[in-house]
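A short write-up of the structure that comes next.
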Amino acid sequence: MAISLEQIKKNYAGFDDYKIEYLAKNEINSLDPDVVVILKDEIKKRGLDSNLNKGIEAQTKELTDSDLQELKSKISNLACPECGQKGSPLIGTLIREVKSFVLLTHYKKTQLILCQTCADKKRKKQ
Ligand SMILES: [Zn+2]
């Protein structure tokens, strides 16, 4: 069962500063974009280190199309890190897990780069 954003906001408001800082520094990539907004608001509201929000922005910054094309061409011809095969071009895939705890829903998104075969295998394992 998904927890509403309103509930997440309440949860975050109840966290200690160190927990908020921890989330900002280590968990940004596993948070939903909507939740990142809540976290940033909470940091602002508490007047925590403004570098935290800068750090969040750096971590969530979108790549430009040309950045992306360059990265893609560098990566797609490498061997698959999962099976070591070089036969098929690598793809990027996103595997989403949602874990609900009593107080907190944790969205875990794992970004993987691997070949199509391995990507399919990973999804089936879920
Ligand atoms: Zn593979």
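Numbers for the structure displayed
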{"read-out": "Per-region count, the stretch 17-41, residues more than 14 Å from Leu104 (Cβ to Cβ) and among the acidic types (Asp, Glu)", "value": "4"}
{"read-out": "Cβ-Cβ under 7 Å pairs, at least 6 apart or on other chains, the stretch 100-120 side over 28 Å from Leu78 (Cβ atoms), far side more than 16 Å from the ligand (Cβ to nearest atom) and in a strand (DSSP E or B)", "value": "Thr105/Val98; His106/Lys99; Tyr107/Val98"}
{"read-out": "Extreme residue, farthest from Phe15 (Cα to Cα), among residues of the stretch 67-112 that are hydrophobic (A, V, I, L, M, F, W, C) and open to solvent by 80 Å² or more (accessible area, probe 1.4 Å)", "value": "Leu78"}
{"read-out": "Which listed residue, of Asn29, Asn51, Asn11, is touching a residue at least 60 places away in the same chain (Cβ under 8 Å), within 20 Å of the chain's Cα centre (by Cα) and open to solvent by 80 Å² or more (accessible area, probe 1.4 Å)", "value": "Asn29"}
{"read-out": "Unmet requirement for Ala119, which otherwise passes all of (1) within 16 Å of the ligand (Cβ to nearest atom); (2) over 20 Å from the mean Cα position of the chain (by Cα)", "value": "(2)"}
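The values are calculated or read from the model by the stated rules, or taken from the named source; none is laboratory data. This one's a predicted model, so the numbers in the text were calculated from it and none came from an experiment. Heads up, the Cβs are rebuilt from the backbone with ideal geometry, glycines too, and the neighbour counts pull from every protein chain shown. Remember, those area values only see protein heavy atoms, side chains included, never the ligands or the DNA or RNA. Shrake-Rupley method; radii C 1.70, N 1.55, O 1.52, S 1.80 Å.
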